[in-house]
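Here is the structure we will look at.
The values are calculated or read from the model by the stated rules, or taken from the named source; none is laboratory data. All figures in this text were calculated on a predicted structure; none of them were measured in a lab. Here the Cβ positions follow ideal geometry from the backbone for every residue, glycine too, while neighbour counts run over all protein chains shown. These area figures cover heavy atoms from the full protein model, side chains too; ligands, DNA and RNA do not enter into them. Shrake-Rupley method; radii C 1.70, N 1.55, O 1.52, S 1.80 Å.
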Amino acid sequence: MGSPFDINGGACVAMVGKDCVAIACDLRLGMQALTISNNFPKIFNFAPSTYLGLTGLATDVNTVSDLFRYKVNMYRLREERHISPQTLANLVSSSLYEKRFGPFFVSPVLAGINQTTGKPFICGFDSIGCIDFAKDFIVSGTASDQLFGTCEGLWEPDLGAEDLFETISQALLSAVDRDALSGWGAQVYIIEKDKVTQRLLKGRQD
Amino acid sequence: MDHQARETVGYSFSESTASGVKQHGFYPYTDNGGSTLGITGSDFAILAGDTRSTSGYNINSRMVPKVFKIGGDDETGEGANIVLSVVGFAADGTALKERLDTVVRMYKYQHGKPMTVSACAQRLSTILYQKRFFPYYVHAILAGLDEEGKGALYSYDPVGSYEREQCRAAGAAASLIMPFLDNQVNFKNQYIPGSGEGHALAAKKAEPLPLETVKGLVRDAFTSAVERHIEVGDNLQMVIITKDGIQEVYHPLKKD
Amino acid sequence: MAASKAIMRGPTIIKAEDDKTRQLNKNTLMAFSGEAGDTVQFAEFVQANVQLYSMRNDTELNPAAVANFVRGELARSLRSRSPYTVNLLLGGIDPTTQTPHLYWIDYLASLASVPYAAHGYAQYYCLSLLDKHHNPNIDLEQGMKLLGMCTDELKRRLPIDYKGVLVKIITKDGVKEVDFDNDKIVRSA
């Protein structure tokens, strides 16, 4: 059996625009070459403008998303406020590092807008919680090589919400079409200061 | 990667001896990194490659071209109308280029006319397949102009399977460049706005792009690849084949 | 408006009269396959716990809750010294919304909500049939017909005799076993 990271397949990407961020994922869940489901979203909501994408081993995508739902709910109850993307980033980092010698096989991607500063924020992590603060985009999953290529080629600074949607969608769809373990439709979130748009993309069904 | 290649290829000249005795293995292949890319237009073809040569994390050289003129003058390559790019194991790449070059020149001497690209493409496939069980460890791309003067591009796997295509990326950063090309050259996943409701939208049809656009795409593809792949960089070698001959240009890439 | 009905397909039977399903509560049924000892042990463990919950709180858990509980236990077991090697299909009707649900859970505790599913060799033979013939508005009669197509295909292609299938259906009124013609002879293609 191969690496736990590419048993189930999947891809996720986040991008920064002008006063907006976008995060997108594919919808496939497979076991090696066999596709089990074409409706397995990998992006989870943790505050009105904060989203976390999880790729990797599907069981850990489930476990980690459940774990952070619990942790973020506890945070909201204690603090009586929503968690900021920056705080969530550090929560994700420390929680993953707790399992330093028996990690969750996930590569998280975080995207959001900080409601206090109004500034967009994205970051990515490795499976043991090392944070990658990027100013442009973050990619993860079995199509990460392809995503690096498409994002590096298509992305430009200060894209507006609609242009950012087009960019992230084209980058993701083109990337997953060159990866056998990802695809089967996609989900895209465009996050603006006080508006979130969710779109479903059909993409190639093979 | 190095270890994987060794395991899967599993080639060694040493006979297995009794266990406990130290064995020397000889691995006949190295990965020299780098990337190549070819795109065709209605009356031209472009083959490009970076000029970095690596082994592991070391840079052997910053100026080792991967794109060669085939069938031209010995020194200058003048008179050639076919171009070959090779990426993978550089020694095999050089050997392959030398063999094909000889074949194409012999053809001209014997037949008194230059070899067509389609004939050369078939010949290259044969050369590669002849070494089916000790392959040239390269991903080759052959380019030229076909009998109608249209850009022609053929890509190969190491054992000679080949296909004529509009565009192809090969080598270390192929996985980064290829989906970008799908999107920007063949317009994959692009639809014509307002051509239909919902999923009935008409797909944007791929058509040959003008030379300047293609040049731009090649440079964008490589600057992107350089940014994210350590084995790609230093210089971009771009070879443009038109009816007026072959033009070769170099552009600097990041050297980090 | 009639409530739509879920169709559960019990897994193949190795022992001639084995029942590879357990009813977890009034409206959820779980089918399992995997390592011999683990399957029944795990199924009855979660069955007991789901029933304990129903007794303590005087409510039935809905299928989503049951599925997530089962997944949680399997995920916990996965990182233990001796994990359960169990693949599960969990089907049920939500008692409040009256909607059918089906969950696919593998031994790694990956959970997916799906319109149809299979485990083991059945996946390779049946999923393509289900892809072609299933639609979201399928009724019980059509479902049974589709199930027949699946078992026919298994009989046609599988080199082993799996001794027929045990079929149970889950409706808003609960779980019941239904007669299924396992004696039909299907010749190999």
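Give the residue that is nearest to C:ARG22 (Cα to Cα), with candidates limited to residues of segment C:143-168 that are of a type outside the set (A, V, I, L, M, F, W, C) and within 18 Å of the chain's Cα centre (by Cα). Result: C:LYS168. A single entry from C:ARG71, C:ARG81 fulfils the requirement of being within 13 Å of chain A (Cβ to nearest Cβ), assigned to a helix (DSSP H, G or I) and within 25 Å of A:GLY56 (Cα to Cα): C:ARG71.
Taking the numbered list (1) in contact with a Leu (Cβ under 7 Å, 6 or more places away or on another chain); (2) under 24 Å from A:PHE5 (Cβ atoms) in turn, C:HIS134 passes all entries but (2). Of the residues examined, B:SER155 is not one that is exposed (fewer than 15 other Cβ atoms within 10 Å of the Cβ) and modelled with pLDDT of 95 or more. Checked against the criteria, A:ARG81 does not count as surrounded by 13 or more Cβ atoms within 10 Å (Cβ to Cβ) and either in contact with a Ser or Thr (Cβ under 9 Å, 6 or more places away or on another chain) or without any contact (Cβ under 8 Å) to a residue 60 or more places away in the chain (or both). Looking across segment C:84-107, just one residue is within 12 Å of chain A (Cβ to nearest Cβ) and open to solvent by 50 Å² or more (accessible area, probe 1.4 Å), and that is C:TYR107. For segment A:173-185, which residues satisfy the criterion of being more than 8 Å from chain B (Cβ to nearest Cβ) and hydrophobic (A, V, I, L, M, F, W, C)? Passing the criteria: A:VAL176, A:ALA180, A:LEU181, A:TRP184.
Among the residues of segment B:146-160, how many are under 22 Å from B:THR126 (Cβ atoms) and either over 14 Å from the mean Cα position of the chain (by Cα) or not small (Gly, Ala, Ser) (or both)?
Residues meeting the conditions: 8.
Among the residues making up segment B:173-191, those that are open to solvent by 30 Å² or more (accessible area, probe 1.4 Å) and over 17 Å from A:GLY203 (Cβ atoms) are B:SER175, B:GLN184. State whether the residues of segment C:30-38 include one that is loosely packed, with under 14 Cβ neighbours inside 10 Å and on the phi < 0 side of the Ramachandran plot. Yes, segment C:30-38 has at least one match. Screening segment B:223-240 for residues that are within 14 Å of chain A (Cβ to nearest Cβ) and over 16 Å from the mean Cα position of the chain (by Cα) and picking the one that is most open to solvent (accessible area, probe 1.4 Å) gives B:ILE230.
Scanning segment A:156-171 for residues that are closer than 27 Å to A:PHE68 by Cα and either at the interface with chain B (Cβ under 9 Å from one of its Cβ atoms) or surrounded by fewer than 24 Cβ atoms within 10 Å (Cβ to Cβ) (or both) yields A:PHE165, A:SER169. A search for C-beta distances below 6 Å between a residue of segment C:66-77 that is at negative phi and any residue that is open to solvent by 10 Å² or more (accessible area, probe 1.4 Å) and at pLDDT 95 or above, counting only pairs 6+ apart in sequence or on different chains, returns C:ALA67/C:TYR103; C:ARG71/C:LEU111; C:ALA75/A:THR63; C:SER77/C:PRO83; C:SER77/C:TYR84. Does at least one position in segment B:163-183 carry a residue that is away from chain A (no Cβ under 11 Å) and of a type in the set (Val, Ile, Thr)? There is no residue in segment B:163-183 that is away from chain A (no Cβ under 11 Å) and of a type in the set (Val, Ile, Thr).
One residue stands out in segment A:29-42 among those that are in a loop (DSSP other than H, G, I, E, B) and at the interface with chain C (Cβ under 8 Å from one of its Cβ atoms): the one that is surrounded by the fewest Cβ atoms within 10 Å (Cβ to Cβ), namely A:ASN39. Going through (1) in contact (Cβ under 8 Å) with a residue 40 or more places away in the chain; (2) open to solvent by less than 30 Å² (accessible area, probe 1.4 Å); (3) under 14 Å from A:THR55 (Cα atoms) one by one, A:PHE125 falls short only on (1).
On the basis of being more than 14 Å from every other protein chain (Cβ to nearest Cβ) and buried (at least 19 other Cβ atoms within 10 Å of the Cβ), does A:SER95 make the cut? When the stated conditions are applied, A:SER95 does not pass them.
Scanning segment A:197-206 for residues that are within 15 Å of the chain's Cα centre (by Cα) and open to solvent by less than 90 Å² (accessible area, probe 1.4 Å) turns up just one, A:ARG199. Counting only residues that are surrounded by 20 or more Cβ atoms within 10 Å (Cβ to Cβ) and either within 14 Å of chain B (Cβ to nearest Cβ) or over 26 Å from C:ARG76 (Cα atoms) (or both), segment A:99-122 holds 6 of them. The single residue among B:VAL64, B:VAL83 that is within 18 Å of the chain's Cα centre (by Cα), under 23 Å from B:PRO28 (Cα atoms) and not in a helix (DSSP H, G or I) turns out to be B:VAL64. Considering only residues in segment A:5-28 that are out of contact with any Gly (no Cβ under 7 Å at 6 or more places or on another chain) and outside any strand (DSSP E or B), the one that is least open to solvent (accessible area, probe 1.4 Å) turns out to be A:ILE7. Within segment A:132-155, being more than 11 Å from chain B (Cβ to nearest Cβ) and open to solvent by 40 Å² or more (accessible area, probe 1.4 Å) holds for A:ASP132, A:PHE133, A:LYS135. Screening A:TYR75 with (1) more than 14 Å from every other protein chain (Cβ to nearest Cβ); (2) in a loop (DSSP other than H, G, I, E, B); (3) in contact (Cβ under 8 Å) with a residue 12 or more places away in the chain gives one miss only, at (2). If only residues of segment C:108-125 that are open to solvent by 60 Å² or more (accessible area, probe 1.4 Å) and within 9 Å of chain A (Cβ to nearest Cβ) are counted, the one that is modelled with the lowest pLDDT is C:TYR124. Residue count for segment A:43-76 under the criterion of being farther than 20 Å from A:ASN8 by Cα and surrounded by 24 or more Cβ atoms within 10 Å (Cβ to Cβ): the result is 4. A single member of B:LYS205, B:LYS243, B:LYS254 is open to solvent by 80 Å² or more (accessible area, probe 1.4 Å) and touching an Asp or Glu at 6+ places or on another chain (Cβ under 7 Å), and it is B:LYS243. One residue alone among A:CYS123, A:CYS130 is more than 18 Å from A:PHE44 (Cα to Cα) and in contact with a Phe, Trp or Tyr (Cβ under 9 Å, 6 or more places away or on another chain), and that residue is A:CYS130.
Working only within segment A:134-157, note down all residues that are in a strand (DSSP E or B) and under 18 Å from A:ILE191 (Cα atoms).
First, pick out the residues of segment A:134-157 that are in a strand (DSSP E or B): A:137-141.
Answer for segment A:134-157, where residues must be in a strand (DSSP E or B) and under 18 Å from A:ILE191 (Cα atoms): A:PHE137, A:ILE138, A:VAL139.
Looking at A:VAL188, is it within 14 Å of chain B (Cβ to nearest Cβ), modelled with pLDDT of 95 or more, closer than 18 Å to A:GLY17 by Cβ and open to solvent by less than 70 Å² (accessible area, probe 1.4 Å)? Yes, satisfied.
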